[in-house]
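Have a look at the structure below, then the notes.
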């Protein structure tokens, strides 16, 4: 079974109820400070950390005096706009004293559904983590409508975990795990310590999306688990109201772990290998050797481009002898790739008229 201290890259989902007092509408500052201590502890252990945080609407509605209850879309978006800046500032204030840089990343469903935007999000988050920053991710509720919403931050957190190649996803919840029935209604309900496979029977235990113990219900958490584990990311559901909830989890607090049967890198490469290539790039011998050493594919190592593909599409990689090497996700369209093939990365801006990424295919986006 996975343990928290095994994580090299971890995504933590924080719900509104943990951050904002429902009665007063104010930030639970002491709890947030304790969470910051846990983030510091994880980073000191060598893990990258991404926080997927709700709370902007809950904070904003208090400032605007909107009270409790369901809000019309326009008021919900206005509350998000007011609350988001306060939420970002709150995270910055608790993490900056520890020397940790925070970054705000607002996304919509389209950012994962559109491959070009997905790759942009992935590149940005990867760069932020490379700098040691902690991205604070939330749905962009100021512009999102039902048609372009994830709908809940459990599923958003799972998508972010897939995007960044996390090996663990932790859902801090108001319940301490996944039960075979609703424990608030059934005193005989038992909690699963570990779920190795999400069967139809397990899914039936989650009920419908409106019957769970937290926003979105347990069903959305199970949907998040399916997304995460299929990408090689283990997931835990644990109770988050305690101070330093991640330390508590590491010390054996109640939780349910959903295990992954592979690792994130292998899962991603399997996904890429299964995609239908829309074009071909031919490599010289030097580029083939570089890929064998785990390097990215640079334009200088490409001798020919064929097919019609856009950025984010899969392409076949062919060696100078015509043998297939593998496939990868292109960071340029076929037209752009044809213009920059055989050239140094420093020449890309002059050739295209705008700056571009150094690699035509990043090593993380290849299946060789």
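See the values below:
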| read-out | value |
| --- | --- |
| Counted residues, the stretch 60-77 - those being free of Cβ contacts under 8 Å to residues at least 24 places away in the same chain, surrounded by 13 or more Cβ atoms within 10 Å (Cβ to Cβ) and within 28 Å of the chain's Cα centre (by Cα) | 2 |
| Where a residue in the stretch 301-324 is in contact (Cβ under 8 Å) with a residue 60 or more places away in the chain and its partner, wherever it lies, is assigned to a strand (DSSP E or B), with Cβ under 9 Å and at least six apart | 311/329; 312/329; 313/279; 313/307; 313/329 |
| Out of 224, 248, 228, 161, sole residue that is in a helix (DSSP H, G or I), modelled with pLDDT of 95 or more and under 29 Å from residue 125 (Cβ atoms) | 248 |
| Enumerated strands (runs of 3 or more DSSP E) restricted to the stretch 294-362, each holding at least 1 residues that are under 18 Å from residue 117 (Cα atoms) | 314-318, 324-329 |
| Among (1) closer than 18 Å to residue 134 by Cα; (2) over 17 Å from the mean Cα position of the chain (by Cα); (3) touching a residue at least 24 places away in the same chain (Cβ under 8 Å) - the single one residue 44 does not satisfy | (3) |
| Test: residue in the stretch 116-124 that is within 21 Å of residue 15 (Cβ to Cβ) and either at pLDDT 90 or above or surrounded by fewer than 14 Cβ atoms within 10 Å (Cβ to Cβ) (or both) | no |
| Failed condition for residue 255, given (1) touching a strand residue (DSSP E or B) at 6+ places or on another chain (Cβ under 7 Å); (2) farther than 30 Å from residue 180 by Cβ; (3) surrounded by 15 or more Cβ atoms within 10 Å (Cβ to Cβ) | (2) |
| Candidate set from the stretch 125-139 (those that are surrounded by fewer than 20 Cβ atoms within 10 Å (Cβ to Cβ) and touching a residue at least 24 places away in the same chain (Cβ under 8 Å)); member that is farthest from residue 96 (Cα to Cα) | 126 |
| Hey, residue 198 modelled with pLDDT of 85 or more, touching a helix residue (DSSP H, G or I) at 6+ places or on another chain (Cβ under 6 Å) and either more than 17 Å from residue 239 (Cα to Cα) or surrounded by fewer than 16 Cβ atoms within 10 Å (Cβ to Cβ) (or both) or not | yes |
| Verdict on residue 294 being exposed (fewer than 14 other Cβ atoms within 10 Å of the Cβ) and outside the structural domain of residue 174 (by TED's automatic domain parsing) | yes |
| Residue identified as buried (at least 17 other Cβ atoms within 10 Å of the Cβ) and either part of a helix (DSSP H, G or I) or assigned by TED's automatic domain parsing to the domain that holds residue 116 (or both) among 266, 287 | 287 |
| Single condition residue 86 does not satisfy, out of (1) surrounded by 14 or more Cβ atoms within 10 Å (Cβ to Cβ); (2) modelled with pLDDT under 90 | (2) |
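Let's see how each residue does on (1) surrounded by 15 or more Cβ atoms within 10 Å (Cβ to Cβ); (2) within 28 Å of residue 165 (Cα to Cα); (3) in contact with a helix residue (DSSP H, G or I) (Cβ under 7 Å, 6 or more places away or on another chain):
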{"position": "322", "(1), (2), (3)": "no, no, no"}
{"position": "327", "(1), (2), (3)": "yes, yes, yes"}
{"position": "335", "(1), (2), (3)": "no, no, no"}
{"position": "352", "(1), (2), (3)": "no, no, yes"}
{"position": "360", "(1), (2), (3)": "yes, yes, yes"}
{"position": "365", "(1), (2), (3)": "yes, yes, yes"}
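The values are calculated or read from the model by the stated rules, or taken from the named source; none is laboratory data. Quantities reported herein were computed from a predicted structural model and do not represent experimental measurements. Note that we place each Cβ from the backbone using ideal geometry, even for glycine, and neighbour counts take in every protein chain shown.
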